[in-house]
Structure formats: structure tokens, C-alpha cells
Amino acid sequence: MNKRIFSFKVAIVLFFLFGGYAARAAEEITILFTHDLHSMFLPHRWEENGETAWRGGYARLCTAIREARKQYPYSVLVDAGDFSSGSFFYMLFPTDCAELQLMWQMGYDAVTLGNHDFDFGPAGLADALRAARQAGVAMPVVTANVKASGTSVQRLREAFENYGVSEYTVFERGGRRIGVFGIIGDEAVMNAPAAVGVLFEDRFAAAARVVQKLRSEEKVDLVVCLSHSGTDVDRRRSEDEQLAAAVPDIDVIVSGHTHSVLQEPLRVGRTFIVSGGCYAAYLGVLTLFASAEAAAERTTEVSFRYRLIPIDSTVGEDAEVAAMIGSFKERLNVVYFDSLGRYMDDTVTFNPSGMPAGRLIAEALRCANHPAFFRQRPVAVVPAGVVRGGMPAGWLTEEAVFSLLSLGVGHDRKAGYPLILVYLTGKELWDLCEVDASCAALFPAARLSLAGLRYSHNPHRLFCNRVTEVWVETDEGEYAPPDKKALYPVVGDLYSLQMLGAVRRLTYGILQLQPKDAAGQRVEDFQKCVLTLPNGLEYKEWIALSDYLRTFPDRRLPSGMVFPEQCQVADDSSLAAWFAHPNGFAWMVYGIVPTVAGGIIGLIVFGIRRMRKRGRRLLYTR
């Protein structure tokens, strides 16, 4: 009898210990997250707080994920888009989709699509989804506002229907139901030029519709949005903060696209917004503590714990993932690099110190050894938005060079934008400089690195009329003002020079840039402007940079390498400087201001006269 009583007491104790722990654990849900992985399978140089270290790498990330899974048994692992496009491995995207294969191996539960996941076009994304499913990947891809419904994207629509793409998915963890859906933001859509034919529903309407369905039909306890939209210090441009305000029933937004590193979650109402940088530099961890009833009713404050785990050299590599990366590397050398006669690990140059890459790339494009440049050296244009980081110090391989210019795909279906040669008038070169002088402050991605073109500007002058002088480099190496009616060759990558036509729309017609051919006719088909190598392959921007870096003696960049000054600042706040060199926009403003002022003065004078006349009438009546 005593033994039975003892056993009963032990059972009671165990129930309160372990049963109570289970009850508490059920109130604890953890979101493990990444975003903007950009095919960065291998560790890369990472600069933060003035220090440089090797960060990331999927083999390390896998180890961190598995340790976190042990620590947080009730967790889901998600990614907020742009899992592709950023390293040489992306060249295997349509045929192998190595990105999703590795993410499935690491244990991801769900991912969404970012703008760069469309870089191979709708058909390329469809092929990638098919390749992933054939390789055994069963991970759901969630996206609520991407609509592959048109006949022009039939292959993508079929891929969405057959290969695990849906608006949302639901997981159960510790008796709790977690709804996960995906959204791609407005600015990201603007930066998806290859998504031709794909429809994008309004993100607010799509999110509200899916959240309502998750709450009312799926009866979820927690709603997680994988949003490829991003945050910004300027709340007016912080799309995920806008989303949280517009759709307050979202519990957690994993925020991708802007590569933000949030050391603490942003809070908008009851919504947590989290972000962990890019390139697998961090694994994000957000743990929420709330009972199922409180979570469902959203009536009480939810406590949380949050951290970003650095994926650095202190984290060991997972052997299986490392082996998979090695096999993809061998395949890549066979299917792509053999035709170029160069390989991922080939040494290109030694850089004695880190430096911004924009001006170096611009010089590389201007000095490219291509027959099209033998007659006349072009002006080179490199927007900041296409350069993925700076030039790190140390020995640089082909892979490191490519990672600087890894965006996009050419007509040859190979990763990396090709170079194109177009023509602008001298007047349009003024407007090109004005983009850098005026617009870059509002749109940092539009900051231009130029070669063969210099200008001066006065920051005190009217917006879009700040440039005061422009000079173009001649074949003799001198700089002279351009003939505003003459045509000048301009070289840049396919994406950047295609976007020049959008400047007119973005500046409401104030600045106008229209790429032309050598005969001065508007370019309708930019593919006809693509430069090719003697073997017929597209002349990629990264290849031009690699070739340029190889020209330095002993393959070493000069220490303290400097470039000609691109911009001179004419800091003059005088009235004469304000009105000097007005363009059409300035003439319009200068004409409107006195007209409006004259109208106001006229109204005042008219009102005074009426009052005086009325006063005289009153006196006469009396």
C-alpha cells in the first residue's frame, strides 16, 4: 500500500513538473527567420561597426538552425524572399534550384518570393520550382499578391498549381496553429523588370483578405507575414510599418528586401516587425509568450524575447550541407566556366585596402577592351543600386568579383547583366548629372558613379537645376563642355540603361533621358545594343571588371588608388548663382512665382479699393 501511495505521489510530482512544463511550452512560440540570402552559399566578408569579418555560409547556418531547433522545440523556420540571385551559384537556378534544395536540407518550413527571384523571368522561375520539386523539395512557397494568371505566364501558373505555391500555409506547434503568408512590396515590384506578364495585387488588399481567412476559417492563433517589402528610417517609405498599420491583425512581419538589421523589433500596434540583414549573416529568433486564448483574442500584451545569432567563424559547418555545396560548385564549373576559360576560385587581383567599388567599376567599363570602344571612348554609368557592396581588402577571386555585380540575367539565360552601348545627347548628359546631383539624395540607389564625365553643382539652387557645368573627356584625355546637340556613347549594364527612360516619369518630365542608337533613333529593343565577346557570348559587366583588374602590374591594385574628381561643389548662395543657368523647369518656376505673387498683390489692391469705395458710399448715405 505504501508503495502505491509513494508511486501516486511521484506521478503527481512528475505531472506538475513535466505536464506544467508542457503547458508553459505551448504558450511559447518561436519564429526563426532569414531573408535576402541571395544564393550566398559560402561565407563572405561582412562589414559592421567598422570591423570586417567572414560571415554567413549555408553550412554554418545549418548548424545554427539545428541548435536553435533543439533550444526552441515549438518553432517555425521561414524566409522572406530573395533567396536567389547574388552569387555564381545562381547560374544553376533554372536547372537545379540549388537554393531551395539547400534550404529544404536545412529544415526551412516556408519561404516567399522576392523581386530577384524573378530575375530569370516567369519561365525561369517556373523551371526552378519544377527542378526543386523533382529534387524532392516539399517546402511550401507562399505568396498572396503574386498572380500568375495571364496566358503569357502559363508555365509559371502551372508551376504555381503543381509545385507547392499557395497564398498561405498553416503549421501546428505545441497545439497552436500558426498561419504563414507572403507579400511582395511596391518598391520590390518596381525592381522586378523581368517579371513580365506577372500581375501583382495591391499588397494591403491581399494581406487583409488572407489574414481574415486565416483568422475566421483556419482559426489560427498566430499570423506571420513574410513580407518582401522592407523598412526605412523614414516612416513614409517604410512599407512594412505601413502594412502593420493597415492590417493590424498581423502578429509578426518578417521584413525582407531592404537588408535592414533590426537589433530590436519595431512595434506598430501589436505587430512585431523583425529583420536580420542579408546573406545569412544572422539567424533571427523571435519568441512570443502568450496563452492560446490571449493570442487568439489579441486583448493582452504579448511578452517576447528577440535576438540575432551571428553566423560567424564560431559556428561549425554542417558536413552534409557543405558536401551539397561542393557538388553544386563542381557542376557550375562544368556547365558555365569551361566556356569562359576561368573558374570560381581563380585569383583576379590583390586589393591592399577596402574601397568603394562604384568608381572602380565605372573606370573598368570605360576602359573595357572591346572593339566598340576603339573609335570613341564612352561615358560609363554605374548606379549604386546595382553594386552589391564595396571592394574588400585582400586577394579577390572571380567569385568575389562576380558578387559585386551579381544581379540580373542576360538574354543568354546566364546570370549577370550584359553591357550595352547607347547614345545620349550633350543636353541629356546634363540631365544625367542632374540625376546624381538632385535625385540621389531622395533615392540613394540612383547615386551615380561616372567615368569620362564630370560636373559641378550648387546645392543652394532649385531642385533639378543644381548642375552648373558639365565636362566630357575627349580622346586626348582633356575635359571639355559637351555639344548639347551632339551624340555621345554611353556604356552601362542592361538594367541601368534601360531604366534611364524612367527618369522622365519619376521627375514628372523635368529631366529627360532617352537612350538612342548611333543614328540618333530611339532604342526600342535594348537587346540589339548588347555587347558580345569574340566567341559570341554576352560581355557581362562582371567580366569587364575582372578583365580590368587583371591589367594591373603583378595583379595588384595601387595602394591608395584614387580617381579623377567626379563632382565639384560650387557653394554659392548668392542671388546671381541662384538664377544662373536656368533649365526649362527653373524658367517655369521663376515664371510662376512672380505670376502668383502678382495675382496676390492684385487681389489685395482690388480688395482695398472695394473697401474704400464701400466706405465712401456709407459716408454719402449718412
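The values are calculated or read from the model by the stated rules, or taken from the named source; none is laboratory data. What you see is a predicted model; the values in this text were computed from it and never measured. Quick reminder, even Gly has a Cβ in these numbers, built from the backbone with ideal geometry, and neighbours come from all protein chains shown.
Quick grid of which residues meet (1) modelled with pLDDT of 90 or more; (2) charged (D, E, K, R); (3) part of a loop (DSSP other than H, G, I, E, B):
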residue	(1), (2), (3)
PHE304	yes, no, no
PHE328	yes, no, no
VAL334	no, no, no
GLU363	yes, yes, no
SER403	no, no, no
Identify the single condition in (1) modelled with pLDDT under 90; (2) part of a loop (DSSP other than H, G, I, E, B) that PRO482 does not satisfy, given that it satisfies every other one.
-> (1)
Mind counting the residues in segment 543-562 that are more than 29 Å from ALA415 (Cα to Cα) and surrounded by 12 or more Cβ atoms within 10 Å (Cβ to Cβ)?
-> 1
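One line per residue, one yes/no per condition, for (1) at pLDDT 95 or above; (2) in a loop (DSSP other than H, G, I, E, B); (3) β-branched (Val, Ile, Thr):
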position	(1), (2), (3)
PHE272	yes, no, no
ALA280	yes, yes, no
LEU283	yes, no, no
ARG331	no, no, no
Tell me, yes or no, whether segment 432-442 has at least one residue that is buried (at least 23 other Cβ atoms within 10 Å of the Cβ), outside the structural domain of ARG45 (by TED's automatic domain parsing), in a helix (DSSP H, G or I) and of a type in the set (Asp, Glu).
-> yes
Being of a type outside the set (A, V, I, L, M, F, W, C), outside any loop (DSSP other than H, G, I, E, B) and farther than 29 Å from ALA207 by Cβ narrows GLU99, GLU47 down to just GLU47
Considering residues that are over 14 Å from VAL435 (Cβ atoms) and at pLDDT 80 or above, the number found within segment 374-393 is 10
Among PRO383, PRO418, which is the only one that is farther than 30 Å from THR52 by Cα and under 21 Å from the mean Cα position of the chain (by Cα)?
-> PRO418
Would you point out which residue out of GLY230, GLY174 is at positive phi and modelled with pLDDT of 95 or more?
-> GLY230
Within segment 357-388, the residues that are free of Cβ contacts under 8 Å to residues at least 60 places away in the same chain, touching a strand residue (DSSP E or B) at 6+ places or on another chain (Cβ under 8 Å) and either polar (S, T, N, Q) or surrounded by fewer than 17 Cβ atoms within 10 Å (Cβ to Cβ) (or both) are none
By residue number, the members of segment 366-420 that are under 23 Å from TRP46 (Cβ atoms) and hydroxyl-bearing (Ser, Thr, Tyr) are THR397, SER403, SER406
Output for segment 135-188, where each listed residue is acidic (Asp, Glu), free of Cβ contacts under 8 Å to residues at least 12 places away in the same chain and either within 20 Å of ALA206 (Cβ to Cβ) or surrounded by 17 or more Cβ atoms within 10 Å (Cβ to Cβ) (or both) | GLU161
Please give the number of the condition ALA518 fails out of (1) part of a loop (DSSP other than H, G, I, E, B); (2) within 29 Å of the chain's Cα centre (by Cα).
-> (2)
So which of TYR455, TYR417 is more than 23 Å from ALA570 (Cβ to Cβ) and aromatic (Phe, Trp, Tyr)?
-> TYR417
Any chance you could count how many residues in segment 52-82 are touching a residue at least 12 places away in the same chain (Cβ under 8 Å) and outside any loop (DSSP other than H, G, I, E, B)?
-> 20
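From VAL490, VAL589, grab the single residue that is of a type in the set (Val, Ile, Thr) and either touching a Phe, Trp or Tyr at 6+ places or on another chain (Cβ under 6 Å) or at pLDDT 85 or above (or both). Don't jump to the end; show me each part of the working.
Details: VAL589 fails: either touching a Phe, Trp or Tyr at 6+ places or on another chain (Cβ under 6 Å) or at pLDDT 85 or above (or both).
One residue alone meets the criteria, VAL490.
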